[in-house]
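The values are calculated or read from the model by the stated rules, or taken from the named source; none is laboratory data. These numbers come from a predicted model, not from an experiment. We place every Cβ from the backbone using ideal geometry, glycine too, and count neighbours over all the protein chains shown. Please note that ligands, DNA and RNA were not included when accessible areas were found on the heavy atoms of the full protein model with its side chains. Shrake-Rupley method; radii C 1.70, N 1.55, O 1.52, S 1.80 Å.
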Amino acid sequence: MTRILAGGLGAILLITAGWFFWIGQADTQIDIPPPPPAPIEEENKEPELPKADVAGLKGPTPPEATELTREQRRFARYDRNYDQRITRAEMLSSRTKAFKKLDKDGNNLLTFEEWAVSTSQRFEKADGNGNGELDPAEFATTKPKRAKKARCRC
C-alpha cells in the first residue's frame, strides 16, 4: 500500500515540476521589438575621422624592467600556489628543460631519479636555513647566468 502511495506522490511531484518548468519557459519568451533601421548614407561620402592636436603633448615614459622585477617573475613561475614559498615539489615540477642538460653522454637514458637527485642537491644548496622551503631571497641565489646578446657586426 505504501508503494502505491509513494508512486502516486512521486507522479504528482513530477507533474508539478513539469508544470512549473513549462510556466517558467513561457515567461522568458518576451517579444522584443526589432531595432530601428540604420540611416542610409551616401555612397561617395568620406567618413569623418576624429581630429586631435598633438603638437605639444607628452605622455609619461613607460617604466623599464629592472632585475628585481625579472627575479620576481622568475620566482612566480616556480611558486605554483602563490604562497611566497617554493617547496621541493614546486621546484621539481618546473625543471623539465634542465633534464636534457643533465644527460652528459647524450644517450637519452637519464632516469628521473638521477635528475631528481641533482635538482634536490641544488635545492638543498639554495635552502640556506634548511627549512625545506625557499623564500624570495634564497631563491635569488638559484638565478641562472644571463648570456650577453651578440652585437651586430655591420
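Per-structure values
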quantity: Criterion violated by Gly7 - all others in (1) within 30 Å of Trp115 (Cβ to Cβ); (2) modelled with pLDDT of 75 or more; (3) surrounded by 10 or more Cβ atoms within 10 Å (Cβ to Cβ) satisfied; calculated: (1)
quantity: Only one of Glu71, Glu41, Glu64 that is at pLDDT 75 or above and open to solvent by 80 Å² or more (accessible area, probe 1.4 Å); calculated: Glu64
quantity: Leu134 modelled with pLDDT of 85 or more and surrounded by 10 or more Cβ atoms within 10 Å (Cβ to Cβ); calculated: yes
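Here's the yes/no breakdown for (1) part of a loop (DSSP other than H, G, I, E, B); (2) within 23 Å of the chain's Cα centre (by Cα); (3) farther than 24 Å from Val117 by Cα:
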position	(1), (2), (3)
Ala55	yes, no, yes
Gln72	no, yes, yes
Phe75	no, yes, no
Tyr82	yes, yes, yes
Ala89	no, yes, no
